[in-house]
Amino acid sequence: MEPGQGQVCLKVLRYNPEVDPTPHHQAYLVPVTGEKMSLLQALEHIYQEQDDTLAFRRYCCGLQYCNSCLMLINGKPSHACLTLVIPGTEVEVAPLRGKRVLRDLIVDDS
């Protein structure tokens with residue numbers, strides 16, 4: 001799935017251990033609105049407009065303090081609230097490594 005002008009392609013690692021035998025990637029095209037759009041805003045757009053089954057922690061402090069939006073972004077641990085998406089690019093999103101996945105991008109923090 002190639003992003004068009006004004007869009008970003010998010011490849012999200014989806015997994016529901018109660019239903020899915022193995023994790024799988026799902027691609028979404030998201031229109032980039034405004035001058036700056038965070039990855040968390042893009043995920044929220046997917047949830048609101050395309051797929052309300054996508055699970056991620058929707059609350060964040062926006063200050064890298066609560067770490068609720070910490071996930072692997074293009075293979076590196078990053079905060080979704082502070083990572084900006086760039087139109088015309090593809091971004092891979094996955095849950096943090098080494099933690100039990102509860103569903104999609106939500107991991108067990110205990």
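Backbone amide hydrogens, once placed in the peptide plane, bring Leu102 within less than 5 Å of Val107, Asp108, excluding anything fewer than 5 places away on its chain.
Projecting the Cα atoms of Pro87, Thr22, Cys9 onto the charge dipole of the chain (Cβ charges, centred on the Cα centre) puts Thr22 farthest toward the positive pole.
So, counting K/R as plus one and D/E as minus one, what does the shell of residues with Cβ under 12 Å around Lys99 add up to? Can you show the working numbers first?
Details: positive: Arg97, Arg100; negative: Asp108, Asp109.
Net charge in that neighbourhood comes out at 0.
Using DSSP loop states and a limit of at most 15 other Cβ atoms within 10 Å to flag trypsin sites (Lys or Arg not before Pro), what is the longest stretch of the chain containing no flagged site?
Working: sites that count: Lys36, Arg58, Arg97, Lys99, Arg100.
Counting at most 15 other Cβ atoms within 10 Å as exposed, the longest clean stretch of the chain is 59-96.
In this simple spin-label model, placing a label point 7 Å from the Cα along the Cα-to-Cβ direction at both Gln5 and Asp20 gives a separation of 3.4 nm.
Quick check for me: using +1 on Lys/Arg Cβ and -1 on Asp/Glu Cβ, what's the dipole size of segment 7-107 about its Cα centre, in debye to the nearest 20? All intermediate terms of the calculation are to be shown ahead of the outcome.
Details: 10 positive and 10 negative charges, 93 e Å.
The dipole of segment 7-107 has a size of about 440 debye.
Inter-label distance, Thr89 to Leu72: 1.9 nm, where each label sits 7 Å from its Cα along the C-beta direction.
Counted residue by residue at 0.36 nm each, then reduced by the alpha carbon distance between them, the extension gain from Arg100 to Leu82 reaches 4.1 nm.
When only Cα pairs under 8 Å and 6 or more residues apart are kept, what is the percent relative contact order across the chain?
About 34 percent, as a whole number.
Shape summary: segment 1-58 maps onto an equivalent ellipsoid whose semi-axes, from the alpha-carbon gyration tensor, are 23, 13, 8 Å in decreasing order. Highest average first, the peptides 82-91, 38-47 ordered by how many other beta carbon atoms sit within 10 Å of their residues are 38-47, 82-91.
Volume per residue of the convex hull around the Cα atoms, evaluated for segment 7-107, comes out as 95 Å³.
Laboratory data are not the source of any read-out in this text; all were calculated from the coordinates shown. Values in this document were obtained by computation on a predicted structure and should not be read as measured data. Methodologically, a virtual Cβ is constructed for each residue, glycine included, from the backbone with ideal geometry; neighbour enumeration extends over all protein chains shown.
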